[in-house]
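Data block below; observations after.
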Amino acid sequence: MFIIKNDSGEVRLAWRLILIILLYVAAAVLLRFIPNNLFTAFLVRNGMTQANALERANTIVFEDPVFSTAIGTLSGLMGLLIVCFMVKVIEKSSFTWKTVGLEWRSNSLPVILLGTILALLLFIASILTGYILGSTGSSLNISMIGVSLPIFFQNFVLYLIMGFGEEVVFRGYVQRRLVERFKAIWGILTTAVVFVLLHQISYSLSPVIILSGVMLWTTIGALYYLSKSLYLVVMFHGVMNTLLNTLHFEVGDISNMVVHAIALLLVIVVVLVRSKVSNIRLYPM
């Protein structure tokens with residue numbers, strides 16, 4: 001038990017972090033695996049071949065607006081339930097909205113607006129940088145003009161809830177505990193690295209994309225550290241994913257990396273200025 005718990009009887013931080021990540025990944029996989037297999041079995045029983053049934057099931061589960069939205073919503077809400085479980089059962093503490101940065105404050109609405117604006121600025125900056133650098137990957141798919149408002153709003157709700165699930169787990173729980181235990185910079189950076197590498201499960205990421213992603217999510221982690229509000233990063237996450245997956249812009253990896261590097265540099269400057277003005281401790285005494 002000494003390996004799992006410390007002298008105070010608390011589960012060690014490393015085990016808590018491993019557990020919450022495993023729970024979240026398992027929930028996300030099962031929410032896709034179970035419906036997919038149920039649909040496949042149903043279609044096979046109705047006379048469809050295994051290969052065709054699997055292809056059809058994938059289309060229904062991952063592309064049908066109703067099913068994909070429902071699964072995405074469950075996946076997002078599952079993040080909050082997992083954090084509640086970790087706090088109340090594993091840590092044996094009281095769960096409050098403040099513990100993950102979700103308490104509603106007088107500045108919450110401006111913070112939500114700020115998250116939206118930052119996502120828009122980053123998206124526009126990536127497109128413009130692609131054209132400036134002459135990246136062949138930066139192009140506009142004309143079909144974006146035909147995107148209807150209902151589809152855009154539906155995607156926004158989906159990506160906002162999915163982003164909420166990821167942010168409450170990784171920024172609201174993982175980052176906060178790493179920052180409490182280690183230097184703020186290492187807590188933020190470690191969370192960003194783990195977050196990006198976990199996406200390797202679903203996507204094949206190149207070294208450039210990994211580096212670019214780490215810089216982006218380090219920036220997001222720093223914004224959360226500064227604002228202490230999950231509303232900012234959730235809105236940023238939701239708006240950014242909606243723009244990328246709905247408007248069909250193809251931005252070059254190098255363009256993204258340049259923009260993310262600049263964004264990280266700007267946030268570092270803000271953190272350093274605020275640490276001097278407000279006496280924010282980036283390093284524990």
Looking at (1) within 22 Å of VAL157 (Cβ to Cβ); (2) surrounded by fewer than 18 Cβ atoms within 10 Å (Cβ to Cβ), find the lone condition where LEU13 falls short.
-> (1)
Restricting attention to the stretch 163-216, and to residues there that are at pLDDT below 85 and in a helix (DSSP H, G or I), which single residue is surrounded by the most Cβ atoms within 10 Å (Cβ to Cβ)?
-> HIS199
Can you find even one residue in the stretch 265-285 that is of a type in the set (Val, Ile, Thr), exposed (fewer than 15 other Cβ atoms within 10 Å of the Cβ), modelled with pLDDT of 85 or more and in a helix (DSSP H, G or I)?
-> yes
Given the conditions (1) in a helix (DSSP H, G or I); (2) of a type in the set (A, V, I, L, M, F, W, C); (3) over 24 Å from SER229 (Cα atoms), every one holds for MET48 apart from (1)
Out of the stretch 231-248, which residues are under 12 Å from the mean Cα position of the chain (by Cα) and surrounded by fewer than 22 Cβ atoms within 10 Å (Cβ to Cβ)?
-> ASN241
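Here are PHE85, PHE95: which of them is in contact with a Lys or Arg (Cβ under 6 Å, 6 or more places away or on another chain), modelled with pLDDT of 85 or more and surrounded by 12 or more Cβ atoms within 10 Å (Cβ to Cβ)?
On the way: PHE85 fails: in contact with a Lys or Arg (Cβ under 6 Å, 6 or more places away or on another chain).
On inspection, the qualifying residue turns out to be PHE95.
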Among (1) surrounded by 14 or more Cβ atoms within 10 Å (Cβ to Cβ); (2) closer than 28 Å to PHE236 by Cβ; (3) polar (S, T, N, Q), the one test that ASN58 misses | (2)
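The values are calculated or read from the model by the stated rules, or taken from the named source; none is laboratory data. Keep in mind that this is a model prediction, so the values were computed, not measured. Note that each Cβ is placed from the backbone with ideal geometry, even for glycine, and that neighbours are counted across all protein chains shown.
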